[in-house]
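Everything on this sheet refers to the single structure shown next.
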Amino acid sequence: MDRDMDRDMERQRRLRIGVLASGRGSNFQAIIDRVEDGTLPVEIAVLVVNNRDAGAVQRAERHGIPWHFIDHRGRSREEFEREVIAVLDEHRVELVVLAGFMRILTPLFIDHYRHRIINIHPALLPSFPGTHGQRDALEYGVKVSGCTVHFVDTSVDGGPIIIQRCVPVLEDDTEESLARRILEEEHRALPEAIRLYAEGRLRIEGRRVRILDG
Ligand code: GRF
């Protein structure tokens, strides 16, 4: 009984995160896996998808995580975002994690969660922002690429950088093979950035994010 109460109190203290996704949800799964293996001490309060068929939904169902589908079609960006904010606030979300969320957010949303939104991008920013980071890197001919976890501000893929991880671009790479190699790093980098945030170890100083010692 006491142990149950301890566990409940421990869960109540944990940072509450809300995940926004549009697709497959492998980054969402990486977060779930780290929470379940005890290396990421946060509470996944809710998943919000803007696509009813997003693979992320099955993952939420399998792991007993509340989820909401909010349609962005046929309405203004602000109207859509107001509904997302209402759901996140209702679940007392403290950090918003964009994990393959394919909508650009307006200042309405970004100001509401100022410095409390992070995104994962499949390239080494500021190179190759936008929706085809892996393809653009390959076509440009770079020899290394990787992923970036960053705070979200009103620029597209331009907020202060928290973590970057590199991978080589190999001679016979295709967009798919490069994307797969980058994805493996994404699955490590995103939970790591969330953990640093949860531990209060990130300080934004202008464009730089200082990582404090643990
Ligand atoms: C990832 O490559 C992420 O960097 C990008 O969208 C993709 C989402 O993959 N923003 P998944 O849905 O997490 O599997």
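The values are calculated or read from the model by the stated rules, or taken from the named source; none is laboratory data. Given the structure is predicted, the values throughout are model-derived calculations rather than measurements. Here the Cβ is made from the backbone with ideal geometry for all residues, glycine too, and neighbour counts use every protein chain on show. The protein model used for the area step is the full one, side chains on, heavy atoms only, and it has no ligands, DNA or RNA in it. Shrake-Rupley method; radii C 1.70, N 1.55, O 1.52, S 1.80 Å.
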For region 136-152, enumerate the residues that are within 22 Å of residue 101 (Cα to Cα) and buried (at least 19 other Cβ atoms within 10 Å of the Cβ). 137, 145, 146, 147, 148, 149, 150, 151, 152
Long-range neighbours under 7 Å by Cβ, at least six apart or interchain, first residue within 17 Å of residue 165 (Cα to Cα) within region 189-214, second open to solvent by less than 80 Å² (accessible area, probe 1.4 Å) and part of a loop (DSSP other than H, G, I, E, B): 190/99; 191/40; 194/40; 195/40; 208/160; 209/160; 211/201
Considering only region 94-115, state which residues are open to solvent by 10 Å² or more (accessible area, probe 1.4 Å), away from the ligand (no atom under 16 Å from the Cβ) and touching a residue at least 60 places away in the same chain (Cβ under 8 Å). 94, 115
Would you check which residues across region 175-214 are within 16 Å of the ligand (Cβ to nearest atom) and among the charged types (D, E, K, R) and list them? 175, 176, 180, 181, 184, 185, 186, 188, 192
When you look at residue 194, is it in contact with a Ser or Thr (Cβ under 9 Å, 6 or more places away or on another chain), at pLDDT 95 or above and within 30 Å of residue 38 (Cα to Cα), yes or no? no
Scan 142, 93 and give me the residue that is more than 17 Å from residue 27 (Cα to Cα) and assigned by TED's automatic domain parsing to the domain that holds residue 44. 93
Give region 159-205 a look and list any residue that's under 26 Å from residue 93 (Cβ atoms) and exposed (fewer than 12 other Cβ atoms within 10 Å of the Cβ), or say none. 200, 203, 205
